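Enquirer: Dropping a structure here in structure tokens format, bear with me for questions.
The values are calculated or read from the model by the stated rules, or taken from the named source; none is laboratory data. These figures come from a predicted structure and were not determined experimentally. Glycine gets a Cβ as well: all are built from the backbone with ideal geometry, and neighbour counts include every protein chain shown.
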Amino acid sequence: MVSKSHKKGFDNKVSAVDKKSAHLPEGLWIDIEDIGDEGLNVDFVKNPSYLDFRDRDFKIVKDVTINCTLTKCDEVIYLNGQISTFVELTCSRCLDNFTDEISTKFSLEYLPEKGESSSKEELELIESDLNISYYTGDKIDILPTVRDQILLSISIKPLCKGNCLGLCPHCGQNLNISKCNCKENDIDERLEILKKIKL
Ligand SMILES: [Zn+2]
Ligand SMILES: [Zn+2]
């Protein structure tokens, strides 16, 4: 009897230690339990490498700050967040690298992941809404959302400045830095072609 109770106590101790040291996969985890009646404010500051944007045509050059406010209503969790950082981009016109600030706000609803109880129409409706995500268990990982939001806030055709003059299509000179001699010849050539067409 003594050895049995001793064994039980030992087992309990092991499981408690396991729970504390349980290693979660990398992410930005929020404990749902921590979201009280008045909500929860959480800030993260992460090194760019943590977001794992490799082999992209941009580079995050400063720590990423994520400010989150979470509220809970029954099983639905509402997240309002703001992401701030700086990225290095390549101008789509002059091909120069430049640094741009990212400051983007987002909001998202997290629903508990349900089995097959939802009707087909319901699922289709939910899947088309980008502002809805799912959680299982007692934690939410907001890292995928943060990555998506950063990608969304980066222009597909970045410009170093609104009036970037780009490169000369003939000699490749960056026209923001200085003019080249091709331009006038280019116009003359086009005029010659127009004259020929008219004749
Ligand atoms: Zn440019
Ligand atoms: Zn030129």
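Enquirer: Which of the residues spanning segment 85-101 are exposed (fewer than 15 other Cβ atoms within 10 Å of the Cβ) and more than 16 Å from ligand 1 (Cβ to nearest atom)?
Expert: Glu101
Enquirer: To continue, here is another question. Any residue in segment 149-176 that's free of Cβ contacts under 8 Å to residues at least 60 places away in the same chain and within 8 Å of ligand 2 (Cβ to nearest atom): show its pairings with residues that are in a helix (DSSP H, G or I) and not charged (D, E, K, R) at Cβ separation under 6 Å, as long as the two are six or more apart or on different chains.
Expert: Cys168/Cys182; His170/Cys182; Cys171/Cys182
Enquirer: Are any residues in segment 55-99 aromatic (Phe, Trp, Tyr) and either farther than 26 Å from Ile156 by Cβ or in the same structural domain as Gly172 (by TED's automatic domain parsing) (or both), and if so, which ones? Lay out the reasoning, then the answer.
Expert: Start the filter on segment 55-99 by keeping residues that are aromatic (Phe, Trp, Tyr), which leaves 58, 78, 86, 98.
Result: Tyr78, single match.
Enquirer: OK, next. Go through segment 138-152 and give me each residue that's closer than 18 Å to Tyr50 by Cα and either surrounded by 14 or more Cβ atoms within 10 Å (Cβ to Cβ) or of a type in the set (S, T, N, Q) (or both).
Expert: Ile140, Asp141, Ile142, Leu143, Thr145, Val146, Arg147, Asp148, Gln149, Ile150
Enquirer: Out of (1) at pLDDT below 90; (2) charged (D, E, K, R); (3) closer than 27 Å to Thr99 by Cα, the odd one out for Asp18 is which?
Expert: (3)
Enquirer: Quick one: which helices (runs of 4 or more DSSP H) sit completely within segment 100-199 and have at least 2 residues that are outside the structural domain of Val64 (by TED's automatic domain parsing) and at pLDDT 65 or above?
Expert: It comes to 182-198.
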